[in-house]
Amino acid sequence: MDRRKLLLSLFLCFLFVFLVACNNNDESVNNDTGNTNEENDQDTENDAPEESEADYYQTPEMDFDLGGKTIKIVSWWDMTIPDDNPDNIQRRENLEALMEKHNFKVEYIAIDYGEYQEKVTASLIAGEPIGDIVRLGKTYTVPALVKQDLLWPIDEYTKNPNAFNQNMTSNLYTYEGKGYGFTEDHKNLAQGIFYNRTLMNELGLKPLQEYVDEDNWNWDTFLEVAKAANKDTNNDGKLDTWGLANASLMQFALMSNNTDLVKGNEHNLDDPATIEALEFESQLVTEQIPRPTEGGDWTEPGQFFRQGNTLMYAGADWEIDGLSTDMPDYDIGFIPFPKGPSVDKYYSAEALLQALTIPKTVENPEQLMYIWEKINDIESIYDYPGQASYESHYTNEEDINNLRMVSENLLVLDYNTYPNLGYYDFVAEIGSGTSVSTVVEKYKPLFQSAIDEVWGN
């Protein structure tokens, strides 16, 4: 009996130890599971993607309240941000968020181009600007308006290269080392040669793109092509196809040789590159290479080209929409304007450069510039500036590459800054058969006088 009691006692002790051990193991498992969950939570937090910082300068966040102010943005077209592509949709969303955060509204004011300069400059001089952000042409702004201290220098606010075109503020729209014009548009104007591929093939001419591919597209080969397309195709004794629609190419001649008629506050008529450009213009006109004018206005060359019987037309990229609409049966291409003898690359040019500015009477320009930056500091879906526009108008990859190539080398021509320069009289005399040297000597003092008049020398 005692033996059985002893065995029972030993069994109960063993059972107790076993149950305790099992309980400890369960707690251990639970604790391990708990620790694992915590560690997983920590790992998840550590693995969570951090908000990536931009690899370019961005103005630090600013906190200000504009008290319901209406920011007026003035141009000769309505600058309302469209919703026509993903980039612009981002900009619109940014603007809406900024308006809510900083308590302001936006009004876009469009003034007819024909009266724009007079109205806007008069308002600036009177100290009552039409808007807070105003588009101004460089020709009547630098130096005329900036030297009167009518505009804010804004280069210290345009350091974000994603939101602002750095070349515009740092190099193109400057006065005495300070930048006064700004733009979010990174696409430069592309000027060059539109050509009728359909007509080119009908005439059996060498493809113009081959000259570019061979690096042999220069003034000489250009003139050869223009002459070759001047043909009497029906043998009636009269030309019925022509090589060139433009009666004069002065601006393109200067552009393609990387020169201008003026440089700073002096004429540039002694520059060898300028002389070469003038000689080219003289040869073009005196040898009667272009299609003869019929007394039309500045639109005549474009109208000639639209008729489908003229091979080449020197123009700007924005014209392609109208040309394509008016010439549905023709294949239109684009190549650079040919190189001049003083350069080794193709150029584009702006003779009427314009950009946005801020009048000096507007308070807190840094806030306006901050808003403009944050509107336009987007992550673009496009690979390069102008891609959406180019690909919507051109199907030929070579044309697009040509547009991109010339737009990268933008030259600003400043001769339009001087209203009394006598530019058109000068061009007419260059094309009259009078020697270039004679015309240059005649116009040197006239040019310098017109320049001094604007600069106040």
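From the set of residues in region 261-287 that are under 17 Å from residue 223 (Cβ atoms) and of a type in the set (Val, Ile, Thr), which is surrounded by the fewest Cβ atoms within 10 Å (Cβ to Cβ)?
286
Just checking: which of the helices (runs of 4 or more DSSP H) contained wholly in region 340-457 hold 2 or more residues that are among the polar types (S, T, N, Q)?
Where helices (runs of 4 or more DSSP H) fall fully within region 340-457 and carry at least 2 residues being among the polar types (S, T, N, Q), they are 365-376, 387-393, 397-407, 436-455.
For the subset of region 288-301 comprising residues that are under 30 Å from the mean Cα position of the chain (by Cα) and surrounded by fewer than 19 Cβ atoms within 10 Å (Cβ to Cβ), which member is farthest from residue 226 (Cα to Cα)? Can you show your working first?
Kept after step one, since they are under 30 Å from the mean Cα position of the chain (by Cα), are these residues of region 288-301: 297-301.
Subsequent filtering for residues that are surrounded by fewer than 19 Cβ atoms within 10 Å (Cβ to Cβ) retains 297-300.
Working: 297: 22, 298: 20, 299: 20, 300: 18 Å.
For region 288-301, the residue satisfying everything is 297.
Of everything in region 207-222, what is touching a residue at least 12 places away in the same chain (Cβ under 8 Å), outside any helix (DSSP H, G or I) and of a type outside the set (A, V, I, L, M, F, W, C)? Give them in sequence order.
If the condition is that a residue be touching a residue at least 12 places away in the same chain (Cβ under 8 Å), outside any helix (DSSP H, G or I) and of a type outside the set (A, V, I, L, M, F, W, C), then 218 is the only one that fits.
Could you look through region 157-180, keep only residues that are small (Gly, Ala, Ser) and assigned to a loop (DSSP other than H, G, I, E, B), and pick out the one that is nearest to residue 412 (Cα to Cα)?
Filtering first and then ranking leaves 177.
Only one residue in 376, 396, 402 is outside the structural domain of residue 122 (by TED's automatic domain parsing), in contact (Cβ under 8 Å) with a residue 60 or more places away in the chain and surrounded by 18 or more Cβ atoms within 10 Å (Cβ to Cβ). Which one?
Sole residue among the options that is outside the structural domain of residue 122 (by TED's automatic domain parsing), in contact (Cβ under 8 Å) with a residue 60 or more places away in the chain and surrounded by 18 or more Cβ atoms within 10 Å (Cβ to Cβ): 402.
Looking at 258, 246, which is the one that is more than 19 Å from residue 432 (Cα to Cα), at pLDDT 95 or above and among the polar types (S, T, N, Q)? Give the derivation first.
Working: 246 fails: more than 19 Å from residue 432 (Cα to Cα).
Being more than 19 Å from residue 432 (Cα to Cα), at pLDDT 95 or above and among the polar types (S, T, N, Q) holds for just one of 258, 246, which is 258.
Out of region 102-135, which residues are assigned to a helix (DSSP H, G or I), surrounded by 15 or more Cβ atoms within 10 Å (Cβ to Cβ) and not hydroxyl-bearing (Ser, Thr, Tyr)? Spell out the reasoning first.
Within region 102-135, the subset assigned to a helix (DSSP H, G or I) is 102, 113-125.
Imposing the further condition that a residue be surrounded by 15 or more Cβ atoms within 10 Å (Cβ to Cβ) reduces the set to 102, 116-117, 120-121, 123-124.
Of everything in region 102-135, those that are assigned to a helix (DSSP H, G or I), surrounded by 15 or more Cβ atoms within 10 Å (Cβ to Cβ) and not hydroxyl-bearing (Ser, Thr, Tyr) turn out to be 102, 117, 120, 124.
Which pairs turn up if I take residues in region 116-129 that are farther than 14 Å from residue 149 by Cα and look for partners that are assigned to a helix (DSSP H, G or I) with beta carbon separation below 8 Å, at least 6 apart in sequence or on another chain?
117/140
Which ones in region 290-326 are over 17 Å from residue 252 (Cα atoms) and β-branched (Val, Ile, Thr)?
293, 310, 320, 325
Might you let me know whether region 38-53 holds any residue that is more than 30 Å from residue 118 (Cβ to Cβ), in contact with a helix residue (DSSP H, G or I) (Cβ under 9 Å, 6 or more places away or on another chain) and either modelled with pLDDT of 60 or more or surrounded by 11 or more Cβ atoms within 10 Å (Cβ to Cβ) (or both)? So that I can check it myself, show each step before the final result.
Taking region 38-53 and keeping what is more than 30 Å from residue 118 (Cβ to Cβ), we get 38-53.
This time we only want the ones that are in contact with a helix residue (DSSP H, G or I) (Cβ under 9 Å, 6 or more places away or on another chain), so: none.
No, region 38-53 contains no residue that is more than 30 Å from residue 118 (Cβ to Cβ), in contact with a helix residue (DSSP H, G or I) (Cβ under 9 Å, 6 or more places away or on another chain) and either modelled with pLDDT of 60 or more or surrounded by 11 or more Cβ atoms within 10 Å (Cβ to Cβ) (or both).
Of the numbered conditions (1) crowded, with 18+ Cβ neighbours inside 10 Å; (2) in the same structural domain as residue 164 (by TED's automatic domain parsing); (3) not basic (Lys, Arg), residue 440 satisfies every one except a single condition; which is it?
(2)
Please enumerate the residues belonging to region 356-372 that are surrounded by fewer than 22 Cβ atoms within 10 Å (Cβ to Cβ) and at negative phi.
Result: 360, 361, 362, 363, 365, 366, 367, 370.
What is the residue count in region 71-89 for residues that are among the β-branched types (Val, Ile, Thr) and over 29 Å from residue 129 (Cβ atoms)? It would help to see each step written out before you state the result.
In the first step, residues of region 71-89 are kept if they are among the β-branched types (Val, Ile, Thr); the result is 71, 73-74, 80-81, 89.
Right, trim to over 29 Å from residue 129 (Cβ atoms) and you get 89.
Total satisfying the criteria: 1.
Farther than 30 Å from residue 133 by Cβ, in contact (Cβ under 8 Å) with a residue 60 or more places away in the chain, buried (at least 19 other Cβ atoms within 10 Å of the Cβ) and in contact with a strand residue (DSSP E or B) (Cβ under 8 Å, 6 or more places away or on another chain), is that true of residue 203?
No: the conditions fail for residue 203.
Regarding region 351-363, can at least one residue be identified that is under 21 Å from residue 260 (Cα atoms), of a type in the set (D, E, K, R), out of contact with any Cys (no Cβ under 6 Å at 6 or more places or on another chain) and modelled with pLDDT of 95 or more?
Within region 351-363, none of the residues are under 21 Å from residue 260 (Cα atoms), of a type in the set (D, E, K, R), out of contact with any Cys (no Cβ under 6 Å at 6 or more places or on another chain) and modelled with pLDDT of 95 or more.
The values are calculated or read from the model by the stated rules, or taken from the named source; none is laboratory data. Keep in mind the model is a prediction, meaning the values are calculated, not measured. We place every Cβ from the backbone using ideal geometry, glycine too, and count neighbours over all the protein chains shown.
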